[in-house]
Structures are given as C-alpha cells and as structure tokens.
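Have a look at the structure below, then the notes.
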Amino acid sequence: MFSAEEVQVLLLSLRVAFCCVLLSLLPAVLLGWLLARREFPLKIALDGLCHLPLVLPPVVTGYLLLLLFGRRGLFGPVLAVFDLQLAFDWKGAVLASAVVGFPLMLRSVRLGIESVDPRLERVARTLGAGPVRTFLTVTLRLAAPGLLVGSLLSFARSLGEFGATITFAANIAGQTRTIPSAIYTYLNQPDGESRVVGLIVISVALSLLALVASEWSARRLRST
Amino acid sequence: MLRLRAQRQLGPFALDIDIECRHAVTAIYGPSGAGKTSLLNVVAGLVQPDAGEISLDGQTLFSSAQHIDLPPEHRRIGYVFQDDLLFPHLSTKENLCYGRNLLPAAARRFALDQIVDLLEIGPLLKRRPGHLSGGERQRVALGRALLTSPRLLLMDEPLTSLDQGLKNRIIPYLCHVRDALQIPILYVSHSVAEILELTSQVVVLDRGQVIAHGDFFTIAAHPQVLPLVEEHGFENVLDVEIAATDAERGVCEVLCHGQQLKIPYCDQPVGSRLFIGIRADDIVLARQRPTGLSVRNALQGTISAIADVGGKQLIYVDVGRRLAAKTTSEAIEEMQLGIGDPIYCLVKTHSIRLGPQLNRPEKR
C-alpha cells in the first residue's frame, strides 16, 4: 500500500514525535510545578515566555531556533564542542516541534498538578515522606492524567508541525522529511496528488487517535 | 512532654503560644479562626514560627535561637486532619502502610493487624477511599497516622465533618487510642462536649493567644472562657447557688433557677455561686416525678425542641436554662414526647461535674 519512501517518512515522523514528548516532559513537569505551586517575581513573564510559541508564527520560531542553535547561532560553538548538529538534522526537527508543542504540554501538566490537593502533600510529609518522595508518590502520581494529556497533545502537535521544522531542520528526504513536509513536497510535483492520499489518511487517523486518547484521559482527570 | 513557645503573625493577629502539655490528652479549644489549626501546623512543622522553641520529649524540633527547624517528616508526629485526606489513588491498606513503610522496622511500635483490629477496619482494606463512608475514612486516617508510630498525635477537629451518630461511634476509638496505645494527643475542637469525652485538660485559644490553660472545670468560669463555652454548644452548663452543705453525707444542696438539686459535696460557703456540668448522656427523662428511685434530682421543665442527629435524639428541655438530653427515637415514640410537654430531667448526684466558684459579676 505504501512505498518505501512513504514508510520512511512515517517512521521518521513517529520517531520525531516520540522524542519530542520525551524531550518536553521533564521541563514541562518542572515548570508546571513551579507555575502551579510557587509564587516568585516575574512569574507572569515566565508564563508568557513559555506560551510564546503558541501565538508566534511557527516560521518565526524556526528562524529564532536557527539564530540560537544554528551552526553560526548563539549556542553553535557550545553544540560544536559536543559534536551535536541540530539545524538541518532530524534532532533539529525534534527540538522545533518540542518548542512549538511545549505550551500545550505545559498547560496540561500544570492543570494536572493544580488539581492535586496540596493538603495531600502535607499529609505525606507528616507521614514521613521527604519532599522528593512526596512529589513522586503523591503530586506526580495524582497529576498523571494531566501528564498523559499533555504528552498526547504534544505528540499530535509534533506530527503536524511544519513551519518551524522546515525552517530549522529543512526538508531533506530521508533525514528531516516528516509527513507534513512530504505532503507539501508531493503536492508541488505534477503527479503529486495521487501520492499524498496515503499520508493524508495516516495523518487524519493518527490525529484522531491522539485526540480521542487525550479526551479520554482528560475525562479521567476531571473525575478524580 | 511537649514544650511549645512560638510566635507567628497570622494576618489580622499574632499567634503567641507558651504552653507545656504533659497530659495524655490536651484539648485546644476556641472559636473558629482563633489559630487552633495554625498551632497544630507549627507543632507538625508545616508552618514555621517567626520565633520560639518547640521540643518534644527533650528533643528540640524547632529553635529560632539555635537555627533548628526539623522538617515534618523527621518529627515523628502524627497528624489527623479535619478532612480525612486519604490518598485517593491508594487502597485502604496502601494508605495505612504509606507512612509505616517509610519507618525502619525497629521503629515500628504497632503491627498493622493491631491497628486494624483496634479501629475495626479489617473489611475495608481492599477498598479505595472513594468507596468508604465518612466515619470509615476518618478511622482509616487515624490508623494511617498511628502506624507511623508517632510520639505525639495531633488531631484537628477530626469529627467535625461527621454527624452526631458517627461522632459517638468514633469517640470510643479515640479513647482506645488514648488508653491502649499511650500516645499523647493534642486535640483541637470547638465542641466542649466532645473534648470532655476525652479529657478535661484544655488550652483555650482566642485570637492567637492562650486565654486559659488547665482543668476545664477550673477554667470554664473564667470570664473570657465562659462566653465561648456557652456559644459553642456545650449545652449543659448550669450556674447554681449553694443552699446547704452536708459534709457527712457528701452532698450539697443547690438552687438552680428556682429548683433544688443535690450535687457532690464541695467546700464552699452557703450562698456562693457555682458552675456545674451535666452530660447530655447522663440525663434521664420522666413524665412524672418518680417515686421509688435512687435518683435524687428531678428538674422540672418543658420540652423546647427535639432534634434528630444521626439516629440519636437530642431533647432540649427548658428548666430555666436549656438542657440537652440524649435519648432514642423509640423512647420518644413510647413516651409520646412533644414540644411544649412538661417533663422531668433526672440526674444522679454523682454524675454532676463540679466547677469552681462562679466569678461572673451579678446582674444589675
């Protein structure tokens, strides 16, 4: 049904999406906890910064990433030390989609943590659990549905990411060509329309699946 | 023994406490917003005092001078909150074992079975908190705290969210804990009746300050305490005037709103005024003034209200002052009690608790 090239595109997209979730989860948990539980100066500024990719045109996000993490970017020399190339590489696609999807992830994680009664954390402390154990066994455990929703949204957003990815990681067949950039490329070719059907069906199916799964976990979040 | 000296600003007023608790149960009593919960939080280490010193059995838990502030998880103090706050994602058994599993085996004073038996929660072990009743949840919360083998147990109005019937069923468990497990308890409540079931040692708090500390019947007549006691539902407090004393027979005759009453002997001159307490449980109701009974006291009055609280019936009788008597709905039906009916309240002399001389100024 699918050509070898389409399978490659699909596998790359899934790999980028998985890595994107893995990359954003830890920062989202830390920032989500900070925003949900702590008061500090410039909290609004941090909140705004985290949500910036939601309103910024993805192409701009991609260009800013180039300025920061491109080979001649601000952190280029640092990345060179570790022999790590992000721009025009699939790892760059991960970073681009992680940044674009981060507000969605953060929002869900934060809501998940806010839904946990802080008094339960105090109970855990009086029962002998230290702050870290309390966070892991009570806060994070009860916020799990929020983490799941956030991961699914970030996963789905990553599968659809186009603007930032194509700007920062480009559209190199076999390396950074994900489903959206493949569809875009094929549509620009004379016989393209017949080739995109399979990818579009896959896109719709994956997105629907992720939405249904996140709706289901959101319902569980509300009911607990 | 708990030694507590702490100051902390609490919005409109400052918590300023200096007490020593050396009794099995010390009750913290006061109106809502008096700082009772803050006091417990300070002891538990959940709230840091601005200044002061807290020590338990000789170990310093907090000292602003020595910069000591033991975190709550190292204080070995059990805390039962007003709401049970069971972990919703854990079964009853997992809730019970949460703290216990964090203790080294050598530090565990009680076996799981011992606490489960004491609180009769065996059939609940596999259930999640969502499937427990209010009374069951509060018992599990108590068990969870006990299983951490605390050196001190803090209880913050643990019965407030329960109806009267459940309260009556939980209190015996608290007495068990007090007597069988030998854990000192700091018990916050705004119900004198509830406190007196457990202890007479009371610390009265108002606006963050300790206004009285000691035996309830000694401090209840304190001019600042009496209004609080009356206001917060300790129904059966009577002020009486001594009419005659009989040291030989061990009784005093007193006048209570124009009626005669015999109370245990107290060494007070005739004409002095006293404060006595009668528990709602200790009052027997009768249609006629009985004959052939050993009970000496029969206060005449009229029924002013009947309240159903969780299966138990409270009958309020106006004897010049409102008395609350506990009875069963069966008795009410059989006696066909109704509001406005004349009734006698029978009280055994020796179930009357004596207070001190009443220092309240005479009405002008």
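Before moving on, here are some points about what is shown:
- Within the stretch A:109-125, considering residues that are within 14 Å of chain B (Cβ to nearest Cβ) and open to solvent by less than 60 Å² (accessible area, probe 1.4 Å), the one farthest from B:ILE77 (Cα to Cα): A:GLY112
- Filtered by the rule that a residue be closer than 17 Å to B:ALA24 by Cα and open to solvent by 10 Å² or more (accessible area, probe 1.4 Å), the stretch B:209-219 gives B:HIS213, B:GLY214, B:ASP215.
- Any chance A:LEU136 is more than 23 Å from B:LEU46 (Cα to Cα), open to solvent by 30 Å² or more (accessible area, probe 1.4 Å) and assigned to a helix (DSSP H, G or I): no
- As for the stretch B:114-135, it holds no residue that is of a type outside the set (A, V, I, L, M), within 14 Å of chain A (Cβ to nearest Cβ) and closer than 27 Å to B:ARG3 by Cα.
- Scan of the stretch B:57-94 for residues that are away from chain A (no Cβ under 14 Å) and either in contact with a Leu (Cβ under 6 Å, 6 or more places away or on another chain) or among the charged types (D, E, K, R) (or both), ordered by number: B:ASP57, B:THR92, B:LYS93
- Residue within the stretch B:74-95 that is among the charged types (D, E, K, R) and more than 24 Å from B:TYR173 (Cα to Cα) present: yes
- Any hit, the stretch A:158-176, residues being at pLDDT 90 or above, outside any helix (DSSP H, G or I) and within 14 Å of another protein chain (Cβ to nearest Cβ): no
- For A:ILE200, the criteria (1) assigned to a helix (DSSP H, G or I); (2) open to solvent by less than 50 Å² (accessible area, probe 1.4 Å); (3) farther than 30 Å from A:TRP33 by Cα hold in every case but one, which is (2).
- Which listed residue, of A:GLY146, A:GLY128, is within 14 Å of chain B (Cβ to nearest Cβ), under 16 Å from the mean Cα position of the chain (by Cα) and either on the phi > 0 side of the Ramachandran plot or assigned to a helix (DSSP H, G or I) (or both): A:GLY146
- Number of residues in the stretch A:131-143 that are touching a helix residue (DSSP H, G or I) at 6+ places or on another chain (Cβ under 9 Å) and facing chain B (nearest Cβ under 7 Å): the value is 2.
- Qualifying residue in the stretch B:322-342 (condition: modelled with pLDDT under 75, open to solvent by 50 Å² or more (accessible area, probe 1.4 Å) and either of a type in the set (Asp, Glu) or more than 15 Å from B:VAL295 (Cβ to Cβ) (or both)): yes
- Strands (runs of 3 or more DSSP E) within the stretch B:116-208 that include 1 or more residues open to solvent by 30 Å² or more (accessible area, probe 1.4 Å): B:201-206
- Residues that are open to solvent by 10 Å² or more (accessible area, probe 1.4 Å) and either not assigned by TED's automatic domain parsing to the domain that holds B:LEU152 or not acidic (Asp, Glu) (or both) within the stretch B:13-34 comprise B:PHE13, B:ALA14, B:CYS21, B:ARG22, B:HIS23, B:ALA24, B:PRO31, B:SER32, B:GLY33, listed in sequence order.
- The stretch A:1-26 residues that are open to solvent by 90 Å² or more (accessible area, probe 1.4 Å), paired with ones that are part of a helix (DSSP H, G or I) (beta carbon under 7 Å, 6 or more apart): A:MET1/A:GLY198
- Any hit, the stretch A:98-108, residues being within 14 Å of chain B (Cβ to nearest Cβ), modelled with pLDDT under 95 and under 27 Å from B:LEU85 (Cα atoms): no
Residues are listed down the side, and each one gets a yes or a no for (1) open to solvent by 80 Å² or more (accessible area, probe 1.4 Å); (2) in contact with a Phe, Trp or Tyr (Cβ under 6 Å, 6 or more places away or on another chain); (3) not assigned by TED's automatic domain parsing to the domain that holds B:ILE343:
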| residue | (1), (2), (3) |
| --- | --- |
| B:VAL251 | no, yes, no |
| B:PRO264 | no, no, no |
| B:GLN268 | no, no, no |
| B:ASP282 | no, no, no |
| B:GLN288 | yes, no, no |
| B:GLY292 | yes, no, no |
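- Answer from B:ASP83, B:ASP69, B:ASP50 - the residue that is open to solvent by 10 Å² or more (accessible area, probe 1.4 Å), out of contact with any Gly (no Cβ under 6 Å at 6 or more places or on another chain), assigned by TED's automatic domain parsing to the domain that holds B:ARG151 and under 19 Å from B:ALA141 (Cβ atoms): B:ASP83
- B:LEU255 vs. criteria modelled with pLDDT under 85 and in contact with an Asp or Glu (Cβ under 7 Å, 6 or more places away or on another chain): no
- Out of B:LEU299, B:LEU314, sole residue that is at pLDDT 90 or above and closer than 28 Å to B:LEU198 by Cα: B:LEU299
The values are calculated or read from the model by the stated rules, or taken from the named source; none is laboratory data. Note that the structure is a prediction, hence the values are computed from the model and not measured. Note that we place each Cβ from the backbone using ideal geometry, even for glycine, and neighbour counts take in every protein chain shown. The protein model used for the area step is the full one, side chains on, heavy atoms only, and it has no ligands, DNA or RNA in it. Shrake-Rupley method; radii C 1.70, N 1.55, O 1.52, S 1.80 Å.
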